[in-house]
Every structure is written in structure tokens, then in C-alpha cells.
Amino acid sequence: EDQVTQSPEALRLQEGESSSLNCSYTVSGLRGLFWYRQDPGKGPEFLFTLYSAGEEKEKERLKATLTKKESFLHITAPKPEDSATYLCAVQARTGNQFYFGTGTSLTVIP
Amino acid sequence: NAGVTQTPKFRILKIGQSMTLQCTQDMNHNYMYWYRQDPGMGLKLIYYSVGAGITDKGEVPNGYNVSRSTTEDFPLRLELAAPSQTSVYFCASGWGASEAFFGQGTRLTVV
């Protein structure tokens, strides 16, 4: 069964304190792994797509990496505006569905 | 460019009532999806469509129906609303083997 687990559930960081969010997955042939950001009361906003192990993508203070079993979202020197819930999703080669994890709620304290 | 537009944003229904959640996208995407999001449970797929006239069930389809008569529109119908359908509903669209773009959501309460 295709499955996505994110950890930690919640993370509090001081402004400037770098850290990583984890997304471990089980899927029968990975088509793609997706990272989204979700602000309270809003829909998920697309951040990155990773397709193969070893791939990395960067955007401002965020960097996503992928291995055969997990993905990390590294946050370097975070700012309060990075506070949000970060969602990970996978899509299998054999289907059309996205399977989402339950997210990591990030709070960055000034 | 509006992207994915959902209406209404909020709705309160009584048990047993019916309603349609509207979703329109202007990106000419072939794939469209309906998800529900409950606290601590993550996004669960209700129905999806790979093109006009084609729909398929997701993980949690019971109590819902969809149709896809045009590329742009993908309405979600709730028949005989139940308290278990209280949730936030998100519509999304995409090209299938790539990222999906989400609307702002409809917060539905069934009382």
C-alpha cells in the first residue's frame, strides 16, 4: 500500500535556526514526490517536485532532497514568514492519485 | 490568471440536505481532483478526473458524486449530508504526471 509519513508533526525554531523536515514513503514505483506549503485557511501551494533519487531542488531558504525511501526539506536560516504547514505527497507510476502525508507544522519565532 | 476557483468558501448544511461544491480552472489542465482535509488526517482523495467525461473514485468516495462535462469544471455533489462530511474540501488541477494546483477550499459544516 502506498504510504507517506512526515516527521516531526510540529517544529518550533528560532529565527535563523536551520533544521530539516522528513518525509518517508512507500510506493510501488515512484513517479514523483511533491512538497507543498499550506498557510492557515488556504489551499496547499506547490513548492517542489522530485523525480529520482539524488535529485535536489532549491528555492530561497528551502532545499528539497530525495533518496529511495525518503525526502528532506531543509530550511536554512528560517524567518517568521516561513511559518506554515509543509505537506509531502507521492505519486506512483501505476496510478493517477497523489498520496499526502499529514504534514509538519513549522513555527519560526522572531 | 485565476487558477483554480472554488465556491462557496463557507457553507453550513443541515443533516439530509444536498449541495454542490463548484470548481473551475482556467489552466486547461486535463486532470482535476477533489480532496477533503480533516484535522490530523491529511488530504484524502474523493474523486478525480483525467479528462472531460471521465471520472474515477479515490480513497473516500462514499456519499459524494462528481461529473466532468467540460475541461474547466468539476463539481462535487453531496447527497443527504451527514455530520461525517464536515470538513474542508479542496479542488485541484494538473497535467497528471506533475504537480497539482489547489483552490482556496470550501469549509463545510453539517449540523
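Which is part of a strand (DSSP E or B) and at pLDDT 95 or above, of A:E58, A:E17, A:E81? Lay out the reasoning, then the answer.
On the way: A:E17 fails: part of a strand (DSSP E or B); A:E81 fails: part of a strand (DSSP E or B).
Result of the check over A:E58, A:E17, A:E81: A:E58.
Every residue, every condition in (1) free of Cβ contacts under 8 Å to residues at least 24 places away in the same chain; (2) buried (at least 17 other Cβ atoms within 10 Å of the Cβ); (3) not in a loop (DSSP other than H, G, I, E, B), yes or no:
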position: A:N22; (1), (2), (3): no, no, yes
position: A:S28; (1), (2), (3): no, no, no
position: A:Y36; (1), (2), (3): no, yes, yes
position: A:G41; (1), (2), (3): yes, no, no
position: A:T49; (1), (2), (3): yes, yes, yes
position: A:T65; (1), (2), (3): yes, yes, yes
position: A:A77; (1), (2), (3): no, no, no
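Using the structure shown, decide if A:S71 is buried (at least 18 other Cβ atoms within 10 Å of the Cβ), more than 14 Å from chain B (Cβ to nearest Cβ) and either closer than 18 Å to B:G42 by Cβ or not charged (D, E, K, R) (or both).
Taking the combined requirement at face value, the residue satisfies it.
Which residue pairs have Cβ atoms under 9 Å apart, sit 6 or more places apart or on different chains, and have a first residue in region B:59-80 that is modelled with pLDDT under 95 and a second that is of a type in the set (S, T, N, Q)?
That search, which allows pairs on different chains as well, returns B:E59/A:Q97; B:E79/B:S18; B:E79/B:N65; B:L80/B:Q17; B:L80/B:S18.
Report, by residue number, each residue of region B:86-111 that is without any contact (Cβ under 8 Å) to a residue 60 or more places away in the chain and in contact with a Leu (Cβ under 7 Å, 6 or more places away or on another chain). It would help to see each step written out before you state the result.
Narrowing region B:86-111 to residues without any contact (Cβ under 8 Å) to a residue 60 or more places away in the chain: B:86-88, B:97-99.
Once the filter is applied, which keeps residues that are without any contact (Cβ under 8 Å) to a residue 60 or more places away in the chain and in contact with a Leu (Cβ under 7 Å, 6 or more places away or on another chain), region B:86-111 yields B:T86, B:S87.
Kindly indicate whether A:T107 is under 30 Å from B:K9 (Cα atoms), touching a residue at least 60 places away in the same chain (Cβ under 8 Å) and part of a loop (DSSP other than H, G, I, E, B). Spell out how you get there, then give the answer.
Values: under 30 Å from B:K9 (Cα atoms): yes; touching a residue at least 60 places away in the same chain (Cβ under 8 Å): yes; part of a loop (DSSP other than H, G, I, E, B): no.
Against the criterion (under 30 Å from B:K9 (Cα atoms), touching a residue at least 60 places away in the same chain (Cβ under 8 Å) and part of a loop (DSSP other than H, G, I, E, B)), A:T107 does not qualify.
Specify which of the listed residues (B:K14, B:K57, B:K9) is in contact with a strand residue (DSSP E or B) (Cβ under 8 Å, 6 or more places away or on another chain) and either facing chain A (nearest Cβ under 9 Å) or within 21 Å of A:R37 (Cβ to Cβ) (or both).
Values: B:K14 fails: either facing chain A (nearest Cβ under 9 Å) or within 21 Å of A:R37 (Cβ to Cβ) (or both); B:K57 fails: either facing chain A (nearest Cβ under 9 Å) or within 21 Å of A:R37 (Cβ to Cβ) (or both).
The conditions single out B:K9.
Which one is surrounded by the most Cβ atoms within 10 Å (Cβ to Cβ), of the residues in region B:75-111 that are closer than 18 Å to A:D39 by Cβ and among the β-branched types (V, I, T)?
B:T106
Mind listing whichever residues of region B:34-54 are in contact with a Phe, Trp or Tyr (Cβ under 6 Å, 6 or more places away or on another chain) and more than 10 Å from chain A (Cβ to nearest Cβ)?
Of everything in region B:34-54, those that are in contact with a Phe, Trp or Tyr (Cβ under 6 Å, 6 or more places away or on another chain) and more than 10 Å from chain A (Cβ to nearest Cβ) turn out to be B:W34, B:R36, B:I46, B:Y47.
Restricting attention to region A:1-53, which residues are in contact with a Lys or Arg (Cβ under 7 Å, 6 or more places away or on another chain), over 30 Å from B:F10 (Cα atoms) and facing another protein chain (nearest Cβ under 9 Å)?
Across region A:1-53, the qualifying residue is only A:R31.
Check whether at least one residue in region A:53-62 is touching a strand residue (DSSP E or B) at 6+ places or on another chain (Cβ under 8 Å) and surrounded by 19 or more Cβ atoms within 10 Å (Cβ to Cβ), and report yes or no.
Checked against the condition, which is being touching a strand residue (DSSP E or B) at 6+ places or on another chain (Cβ under 8 Å) and surrounded by 19 or more Cβ atoms within 10 Å (Cβ to Cβ), region A:53-62 yields at least one hit.
I want to confirm something. Restricting to region A:84-99 and keeping residues that are in a loop (DSSP other than H, G, I, E, B) and polar (S, T, N, Q), which single residue is surrounded by the fewest Cβ atoms within 10 Å (Cβ to Cβ)?
Step one: list which residues in region A:84-99 are in a loop (DSSP other than H, G, I, E, B), which gives A:93-97.
Filter again for polar (S, T, N, Q), leaving A:94, A:96-97.
Working: A:T94: 11, A:N96: 18, A:Q97: 17.
Per the stated criteria, the residue is A:T94.
The values are calculated or read from the model by the stated rules, or taken from the named source; none is laboratory data. Being a predicted model, the structure only gives us computed values, none of them experimental. Because the Cβ atoms are built from the backbone with ideal geometry, glycine has one as well, and the counts that use them run over all protein chains shown.
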